[in-house]
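In what follows, a structure is listed as structure tokens, so that the remarks can point back to it.
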Amino acid sequence: MGRRGDGALREDYKMVEVVLSSPRGFCAGVVRAIDVVEECLQRFGPPVYVKHQIVHNPYVVAELEQKGAITVEEVDEVPDGSLVVFSAHGSPPEDFEKAAERNLRVIDAVCPLVTRVHNEAKKYHREGKKVLLVGHHGHQEVRGTMGQAPMTLINDSAPLSEQDVSADMDWPADSEIAVITQTTLSVGDTATAIGAIQERFPGAVVRNDICYATTNRQDAVTQMAGLVDVVLVIGAQNSSNCNRLREVAEANGTPAYLINGPDEINPDWLVGCQRAGITSGASTPEVLVEAVIDALDPEKVTFLEGAEEDITFTLPRELR
Ligand code: SF4
């Protein structure tokens, strides 16, 4: 396995060029969520409990924990009367109810773009539509969204015909259907899933909720993949948008690997490669990208131009 900064990687290959994808790294929702925890630590002092990893990156989580954040998975783990921040991925209503029962002070760091999906789900349900959510079973965002209203989950990575379709989905073709999606899906796979739903329910109202950051990073990696011999996606294994970036690079014909940082580089991946493309997910700090570039030690680094991003989100009302 690779070793950080000791030059050992260079014995196995000679990297001529690193091509950096843009945009990459932190999105506005992640910046806001980290700011929420930092601000709580400053204003109220540690400990600040965080329900679920504030964003899906162990480096970010560890840095905040060093400052006094305590990450828990369930509301029940937070001591009565404490301050708890709910993660960027969004939470189901029962988590807020449990928190109220425990007399917890909740500050919700949910990304406003996820809140928008929650609101859509509630609106469509109020209108009497059957709601379908395209997303990944078990992902934290899906848990939060599914709690907002009754809905059926459609896995985006398999054709509708291969879904474990419950009896609930055995509806007439002219049923009133509304389709919403997880924010961090593959643009291509989601289009396929939505196409299959529309074939089955031609009148379905479709909202594609894949967010700007996910779309821009996937577009950028598509552009980069054709220019390089290998793609390294920097980010965590449990990050949905990082996994999608790796898949998009591979779908464009370039071998791609998802790594947390330089220590996870396997030199075997790089044998015969002269150009490595690097991108990072919406929850990955730039310092990890820089560490990977250092480890590869290329002759030159090239920056690709991509979509401009100037979106920012204000802090939750309680912290303004
Ligand atoms: S990836 Fe998109 S939805 Fe998720 S936190 Fe970032 S901006 Fe919000």
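The values are calculated or read from the model by the stated rules, or taken from the named source; none is laboratory data. Everything quoted here is computed from the prediction, not taken from an experiment. Because the Cβ atoms are built from the backbone with ideal geometry, glycine has one as well, and the counts that use them run over all protein chains shown. Each accessible area value is taken on the protein alone, full model and side chains, heavy atoms only, with ligands, DNA and RNA left out. Shrake-Rupley method; radii C 1.70, N 1.55, O 1.52, S 1.80 Å.
Per residue, how large is the accessible surface of the chain? Use a 1.4 angstrom probe and give square angstrom.
Values: 14070 Å² over 320 residues.
Dividing the accessible area of the chain by its residue count gives 44 Å².
May I ask you to list the GluC sites (Glu not before Pro) in region 279-320 that are in a DSSP loop and have at most 15 other Cβ atoms within 10 Å of their Cβ? Write out the running numbers ahead of the final one.
Numbers: sites: Glu286, Glu290, Glu299, Glu305, Glu308, Glu309, Glu318; in loops: Glu299, Glu305, Glu308, Glu309.
Counting only loop positions with at most 15 other Cβ atoms within 10 Å, the GluC sites (Glu not before Pro) in region 279-320 are Glu299, Glu305, Glu308, Glu309.
Go ahead and estimate [θ] at 222 nm for the chain from helices alone: -39,500 (n - 2.57) per DSSP H run with n ≥ 4, summed, over the residue count, rounded to 500.
-10500 deg cm²/dmol
Return the loop-located GluC sites (Glu not before Pro) in region 38-134 (DSSP other than H, G, I, E, B) with at most 15 other Cβ atoms within 10 Å of their own Cβ; answer none if there are none.
On the way: sites: Glu38, Glu39, Glu63, Glu65, Glu73, Glu74, Glu77, Glu94, Glu97, Glu101, Glu120, Glu127; in loops: Glu73, Glu74, Glu127.
Answer by residue number: Glu73, Glu74, Glu127.
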Exercise. Roughly to the nearest percent, how much of the accessible area of region 28-111 is carbon and sulfur, given a 1.4 Å probe?
Worked result: 48 percent
For this session: List the relative contact order of region 113-210 as a percent without decimals, with contacts defined as Cα pairs under 8 Å and 6+ residues apart.
Result: 32 percent
For this session: Quick one: which residues, 5 or more positions from Ile177 or on another chain, have an amide H under 5 Å from its amide H? H modelled 1.01 Å from N in the peptide plane, none for Pro or chain starts.
Result: Lys130, Val205
Problem set entry | Estimated vicinal HN-Hα couplings, Hz - region 56-64 in sequence order (Karplus 6.51, -1.76, 1.60; Gly, Pro = x) | 7, 8, x, 5, 4, 4, 5, 4, 5
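Please report, as a whole percent, how much of the solvent-accessible surface of region 113-210 comes from carbon and sulfur atoms (probe radius 1.4 Å).
Values: 2160 of 4490 Å².
Of the solvent-accessible surface of region 113-210, carbon and sulfur hold 48 percent.
By how many nm would the segment from Phe44 to Glu94 grow when fully extended, if each residue of separation counts as 0.36 nm and the alpha-carbon distance is taken off?
Details: separation 50, 0.36 × 50 = 18.00 nm, distance 2.54 nm.
So the extension gain works out to 15.5 nm.
Take every Cα pair under 8 Å in the chain that's 6+ residues apart, average their separations, divide by the length, and report that relative contact order as a whole percent.
Details: 663 pairs, mean separation 91.5, N = 320.
Across the chain, relative contact order equals 29 percent.
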Problem set entry | Label-to-label distance, nm, for residues given as Val187 and Lys14 (7 Å Cα→Cβ offset) | 3.7 nm
For this session: Would you please classify the overall shape of the chain from the alpha carbon gyration tensor, given that a ≥ b ≥ c denote the square roots of the eigenvalues, rounded means a/c under 1.5, and beyond that prolate means a/b larger than b/c while oblate covers the rest?
Result: oblate
Seminar exercise, completed: So for region 46-113, using the alpha carbon gyration tensor with a ≥ b ≥ c as root eigenvalues (a/c under 1.5 gives rounded; past that, a/b versus b/c decides prolate or oblate), I'd call it oblate
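With a ≥ b ≥ c taken as the square roots of the eigenvalues of the C-alpha gyration tensor of region 113-210, please select rounded if a/c is under 1.5 and otherwise prolate if a/b is larger than b/c or oblate if it is not?
On the way: a/c = 1.45, a/b = 1.09, b/c = 1.32.
Judged from the Cα gyration tensor, region 113-210 comes out rounded (a/c under 1.5).
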Exercise. Using 0.36 nm per residue, how much length does the chain from Ser175 to Arg126 gain when fully extended, once their Cα-Cα distance is taken away?
Worked result: 16.1 nm
For this session: Report, by chain and number, residues whose modeled amide H sits under 5 Å from the one on Thr302, excluding near sequence neighbours (fewer than 5 apart, same chain).
Result: Val18, Val19, Leu20
Problem set entry | Distant-in-sequence amide H partners of Ser82 (H built 1.01 Å from N, under 5 Å) | Arg105
Exercise. Counting only the backbone N, which residues of region 14-36 are under 14 Å from the spot 7 Å out from the Cα of Asn252 toward its beta-carbon?
Worked result: 19-24
For this session: Using only alpha carbon pairs under 8 Å that are at least six residues apart, calculate the relative contact order of region 28-111 and give it in whole percent.
Result: 33 percent
